[in-house]
Amino acid sequence: MKIIKVVKNEEYEKIALEVISSSRAFLHISTFRARMTPQPKGFGCNEIFHLVCEKAESGITVLFMFSDKALIAERDVGNENFSRLLSASGILTRHCVGRRISHAKMIISDSGIALVGSHNWTVGSLRRNFELSLLVSDIDVVKEIDEFYMREWNLGKSF
């Protein structure tokens, strides 16, 4: 497996933006939790979200998989609300079904790279937490990651 980079803590934002920017046909994304915030500390998250929306609006197919709110906390509607925001840009969203949660944090680009690891798309994950992700460029590994993603996507449901 060819790993381009080990992505630690706050390095994620820059690398995520590069992976998203590299896409010309599709992006397949999953996370446990995603949050936008109007506060300055959330700028990095918001920049990632806006770039994903721009990609979708330009005609790139973007699939975004979350966990269902019932498995996070009954009062937590953040993923569902975020799903509505993404859908307005033409992004297709789903959540896992049954007792399965979307704990795999991935950005898979048709450019043959994948960013896989522990980073959620939240301020805490991007600014405070102890996080680690891997940027992978091995075409066979990226293909296997994407096939796994698509199996879960096809089992998922819309919010």
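The values are calculated or read from the model by the stated rules, or taken from the named source; none is laboratory data. Because the structure is predicted, anything quoted here is derived from the model rather than measured. Glycine also receives a Cβ, built like all others from the backbone with ideal geometry; neighbour counts cover every protein chain displayed.
Considering only residues of region 118-159 that are part of a loop (DSSP other than H, G, I, E, B) and aromatic (Phe, Trp, Tyr), which is nearest to His50 (Cα to Cα)?
Per the stated criteria, the residue is Phe159.
Yes or no: Leu126 touching a Gly at 6+ places or on another chain (Cβ under 6 Å), surrounded by 15 or more Cβ atoms within 10 Å (Cβ to Cβ) and either β-branched (Val, Ile, Thr) or at pLDDT below 90 (or both)?
So Leu126 fits the description; yes.
Go through (1) farther than 24 Å from Ser58 by Cα; (2) surrounded by fewer than 21 Cβ atoms within 10 Å (Cβ to Cβ); (3) among the polar types (S, T, N, Q) and name the single condition Ser133 misses.
Condition (2) is where Ser133 drops out.
Under the condition of being more than 15 Å from Tyr12 (Cβ to Cβ) and of a type outside the set (Gly, Ala, Ser), which residue from region 98-114 is surrounded by the fewest Cβ atoms within 10 Å (Cβ to Cβ)?
Residue satisfying both the conditions and the ranking: Arg99.
Residues that are modelled with pLDDT under 95, under 16 Å from Phe26 (Cα atoms) and buried (at least 19 other Cβ atoms within 10 Å of the Cβ): does region 57-67 have at least one?
Here is the first cut: in region 57-67, the ones modelled with pLDDT under 95 are 64-67.
Among the residues that remain, those that are also under 16 Å from Phe26 (Cα atoms) are: 64-65.
Still in the list and also buried (at least 19 other Cβ atoms within 10 Å of the Cβ): 64-65.
There is at least one residue in region 57-67 that is modelled with pLDDT under 95, under 16 Å from Phe26 (Cα atoms) and buried (at least 19 other Cβ atoms within 10 Å of the Cβ).
Quick one: in region 88-117, which of the residues that are assigned to a loop (DSSP other than H, G, I, E, B) and under 18 Å from Cys53 (Cβ atoms) is modelled with the highest pLDDT?
Going through the qualifying residues, I end up with Asp110.
Could you check region 1-32 and list, in sequence order, the residues that are surrounded by fewer than 18 Cβ atoms within 10 Å (Cβ to Cβ), of a type outside the set (A, V, I, L, M, F, W, C) and farther than 19 Å from Leu126 by Cα?
Passing the criteria: Lys2, Ser22, Arg24.
Check off (1) modelled with pLDDT of 90 or more; (2) assigned to a loop (DSSP other than H, G, I, E, B); (3) over 14 Å from the mean Cα position of the chain (by Cα) for Arg75 and give me the number that stays unchecked.
For Arg75, the exception is condition (1).
What tally of residues in region 93-135 results from selecting those that are of a type in the set (A, V, I, L, M), in contact with a Ser or Thr (Cβ under 7 Å, 6 or more places away or on another chain) and over 14 Å from Arg33 (Cα atoms)?
The number of residues fulfilling the criteria is 4.
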